[in-house]
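Asks: The structure that follows is given in the form of structure tokens.
The values are calculated or read from the model by the stated rules, or taken from the named source; none is laboratory data. Being a predicted model, the structure only gives us computed values, none of them experimental. Cβ placement follows ideal geometry from the backbone for every residue including glycine, while neighbour counts extend to all protein chains displayed.
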Amino acid sequence: MLIKRLKDIRNSNRNVTDRGWESSRLLLAEDGMGFSFHITTLAAGGEWTFHYRHHVEAVYVVSGDGSVEDLATGERHVLEPGTLYALNDNDRHTLRADTELVTVCVFNPPVTGAEVHDETGAYRPAPAP
């Protein structure tokens, strides 16, 4: 059984910040669960374009308001507490935070915690186990 506490993660190297967002990675690849689990906070007024070409991601909005835009279709969806969006086709997307957004994110395959977004907004593929 694994027990993780957000307050402990926030004071560790599993807490990653970059350009207006903070991601607290409670579960990573090394935990052996087959997915990673993050609490991500995005600053009000921010806009980010991501393209997880090597991962699928599900995002659940805990608090705040914003939108996510599918860049392939131009469709824009409102984000509010209780909304889940899933990037099941490695969708390139733009995320906008009207207010501070707090989300729960699940990645498959799990991230290692050392990933850095490249120039396209993607993480590089995870190494084979």
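Asks: Collect the residues in the stretch 78-105 that are farther than 16 Å from Gly46 by Cβ and part of a loop (DSSP other than H, G, I, E, B), keeping them in residue-number order.
Replies: Within the stretch 78-105, Glu80, Pro81, Gly82, Thr83, Asn88, Asp89, Asn90, Asp91, Arg92 meet the criteria.
Asks: With the requirement that a residue be hydrophobic (A, V, I, L, M, F, W, C) and either within 19 Å of Leu84 (Cα to Cα) or at pLDDT 95 or above (or both), what does the stretch 1-28 give you?
Replies: Met1, Leu2, Ile3, Leu6, Ile9, Trp21, Leu26, Leu27, Leu28
Asks: Which is surrounded by fewer than 17 Cβ atoms within 10 Å (Cβ to Cβ), β-branched (Val, Ile, Thr) and in contact with a Gly (Cβ under 6 Å, 6 or more places away or on another chain), of Thr17, Thr112, Thr49?
Replies: The match here is Thr49.
Asks: Looking at (1) in contact with a strand residue (DSSP E or B) (Cβ under 8 Å, 6 or more places away or on another chain); (2) farther than 12 Å from Arg96 by Cβ, which is the one condition that is false for Thr49?
Replies: Against the list (1) in contact with a strand residue (DSSP E or B) (Cβ under 8 Å, 6 or more places away or on another chain); (2) farther than 12 Å from Arg96 by Cβ, Thr49 comes up short only on (2).
Asks: Taking the stretch 68-77 only, how many residues are surrounded by fewer than 16 Cβ atoms within 10 Å (Cβ to Cβ) and in a strand (DSSP E or B)?
Replies: Total satisfying the criteria: 2.
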